[in-house]
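Undergrad: Quick one: this structure, given as C-alpha cells, is what I'll be asking you about.
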Amino acid sequence: MTAIELTFHVVDADRWGDFEALFESRGGPHNCWCMAWRPIAASIRGTPGPQRKAAFKQAMRKRVSEHTPIGILGYAGDEPVAWCSVAPRPTYRPLGGLKQDAGDPAVWSIACFFVKRRFREKGVTADLLQAAVAHARAEGARVIEAYPVDPASPSYGFMGHVGLFERAGFERVGAAGTRRHVMRLAIE
C-alpha cells in the first residue's frame with residue numbers, strides 16, 4: 001500500500017479524456033497507445049511513426065467506444081497518474097500464456113503498466129496491480145495471467161517484474177519467449 005491516496009476507474013467513454021491526457025503526458029506511452037499486444041491490422045503496424053501513433057490511438061478509442069475492456073486508470077485526486085492494461089485474454093494477441101485457456105473470456109491478462117515519473121518508486125504499481133485484480137474479479141475472471149520479467153531484463157519492463165506478482169500471490173507456470181515469465185492467480 002502506498003502513502004499516496006489513489007482511486008481507480010475503468011477506462012470507458014467517460015474517462016477517455018483522462019486516458020488520452022495520461023498517454024499524451026510527458027514520458028507517456030503515446031507512441032504505442034498500449035496496442036503492442038492487441039490485434040491490429042498488419043498494415044497499421046508497418047506505417048511510419050506519426051501515422052502509426054494516430055492509428056494506434058484511433059484503434060484504442062474504437063475499442064473503448066465498443067465497450068471492449070482495455071484497463072484501468074489510477075488517480076491522485078483528479079489527476080490520472082497510472083495505467084494498467086487488464087482485459088479478457090481473448091482481446092489480446094497471443095501473449096505466450098497457457099494454450100488451453102487461449103480463448104477463455106474468464107481468463108484475464110495483465111499486459112502493461114505505466115506510472116507517471118513523479119509517482120514511481122512509491123508503491124503505485126503494487127496498488128495498481130491490486131486494483132486490476134479486483135476489477136477482473138468483479139468482471140467474472142476466474143484466472144488472471146501476467147507476463148512479467150526479471151528486474152535485470154533489458155526489455156519488457158512495462159509488463160512488470162516477477163517479484164511484484166509473487167508478492168500479490170501469482171505463481172509461475174511457464175515462460176513466454178526468452179525473457180517473460182507466465183504467472184497466474186486463481187480467483188476464488
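Undergrad: Treating only the Cβ atoms of Lys and Arg (+1) and Asp and Glu (-1) as charged, compute the dipole magnitude of the chain about its Cα centre; round to the nearest 20 debye.
TA: On the way: 25 positive and 19 negative charges, 161 e Å.
The dipole of the chain has a size of about 780 debye.
Undergrad: Please give, to one decimal in nm, the separation of the simple spin-label points placed at residue 130 and residue 13, each 7 Å out from Cα toward the Cβ.
TA: Taking the simple label geometry, residue 130 and residue 13 are separated by 3.3 nm.
Undergrad: May I pose another question? Could you give each residue of segment 71-88 its phi-based ³J(HN,Hα) in whole Hz, using Karplus coefficients 6.51, -1.76, 1.60 with θ = phi - 60°, and x for Gly or Pro?
TA: Calculated HN-Hα couplings, in order: x, 10, 10, x, 10, 10, x, 9, 8, x, 10, 8, 9, 9, 7, 9, 6, x Hz.
Undergrad: Of the DSSP beta bridges with both residues in segment 26-169, give the percent that are antiparallel, rounding to the nearest 5.
TA: Taking every DSSP beta bridge with both residues in segment 26-169, the antiparallel ones total about 70 percent.
Undergrad: Taking the dipole about the Cα centre of the chain, with the C-beta of Lys and Arg at +1 and of Asp and Glu at -1, give me whichever of 187, 169, 22 is farthest to the positive side.
TA: Result: 22.
Undergrad: Determine ³J(HN,Hα), in whole Hz, for all residues of segment 172-178 in sequence, where each value follows from phi through the Karplus function 6.51 cos²θ - 1.76 cosθ + 1.60 and θ = phi - 60°; x replaces Gly and Pro.
TA: Running phi through 6.51 cos²θ - 1.76 cosθ + 1.60 with θ = phi - 60° gives 6, 10, x, 10, 10, x, 8 Hz.
Undergrad: Continuing with this model, one more query. Quick one: go through segment 76-111 and flag any residue whose amide nitrogen is under 14 Å from the point 7 Å out along the Cα-to-Cβ line of residue 4.
TA: So the set is 76-84.
Undergrad: Rank the residues 173, 115 as a footprinting-exposure proxy: fewest other Cβ atoms within 10 Å of their Cβ go first.
TA: On the way: 173 12, 115 20.
By the 10 Å Cβ count, ascending, the order reads 173, 115.
Undergrad: Residue by residue through segment 40-45, which ³J(HN,Hα) values in whole Hz follow from phi under the Karplus form 6.51 cos²θ - 1.76 cosθ + 1.60 (θ = phi - 60°), with glycine and proline marked x?
TA: With the stated coefficients, segment 40-45 comes to 7, 4, 4, 4, 6, 4 Hz.
Undergrad: If you average 1/r across every pair of different Cα atoms in segment 14-88 and take the reciprocal, what Kirkwood value do you get, in Å?
TA: Taking every pair of different Cα atoms in segment 14-88, averaging 1/r and inverting gives 12.9 Å.
Undergrad: Amide H to amide H under 5 Å from residue 38: which residues, 5+ apart in sequence or cross-chain, H placed 1.01 Å off N in plane?
TA: It is 93, by chain and number.
Undergrad: For residue 176, which sequence-distant residues (separation of 5 or more, or a different chain) have an amide H within less than 5 Å of its own amide H, given hydrogens modelled in the peptide plane?
TA: 181, 182
Undergrad: A further question follows. Given the options 132, 146, 106, state which has the largest fluctuation in a GNM of the chain using a 10 Å cut-off (strictly under) for Cα springs.
TA: Highest fluctuation among the options: 106.
Undergrad: Report the extension gain between residue 188 and residue 139 in nm, rounded to one decimal, defined as 0.36 nm multiplied by the number of residues separating them, less their alpha carbon distance.
TA: 16.4 nm
Undergrad: For the chain, list the DSSP H helices whose alpha carbon atoms reach 15 Å or more along the long axis and whose average Kyte-Doolittle value is -0.5 or above? Mind dumping the intermediate values first?
TA: Values: long enough: 49-65 (24 Å, -1.22); 124-138 (21 Å, 0.76).
Within the chain the helices that satisfy the rule are 124-138.
Undergrad: Which whole-number percent gives the relative contact order of the chain, counting Cα pairs below 8 Å spaced six or more residues apart?
TA: Normalised by residue count, the contact order of the chain is 20 percent.
Undergrad: For segment 105-184, which GluC sites (Glu not before Pro) pass both filters: DSSP loop (anything but H, G, I, E, B) and at most 14 other C-beta atoms within 10 Å? Intermediate values should be presented prior to the final figure.
TA: Details: sites: 121, 139, 145, 166, 171; in loops: 121, 139.
Loop-located and lightly packed - 121.
Undergrad: Pop a pseudo-label 7 angstrom from the Cα along the beta-carbon direction at both residue 153 and residue 54 and give the gap in nm to one decimal.
TA: 3.3 nm
Undergrad: When a/c reaches 1.5 or more, the comparison of a/b and b/c decides; with that in mind, is segment 6-186 rounded, prolate or oblate per its Cα gyration tensor?
TA: rounded
Undergrad: Right, next: For segment 6-186, what number of Lys pairs, 8 or more residues apart or on separate chains, have alpha-carbon atoms under 26 Å from each other? Write out the running numbers ahead of the final one.
TA: Values: 53/62; 53/116; 57/116; 62/116.
Value for segment 6-186: 4.
Undergrad: Same structure, new question: Please find, in a Gaussian network model of the chain (springs between Cα atoms separated by less than 10 Å), the residue of 40, 72, 110 whose mean-square fluctuation is greatest.
TA: 40
Here, each number is a calculation from the coordinates, and none is a lab measurement. Computed from a prediction, not measured in an experiment: that's the story for all the values here. Neighbour counts run over all protein chains shown; Cβ positions are idealised from the backbone, glycine included.
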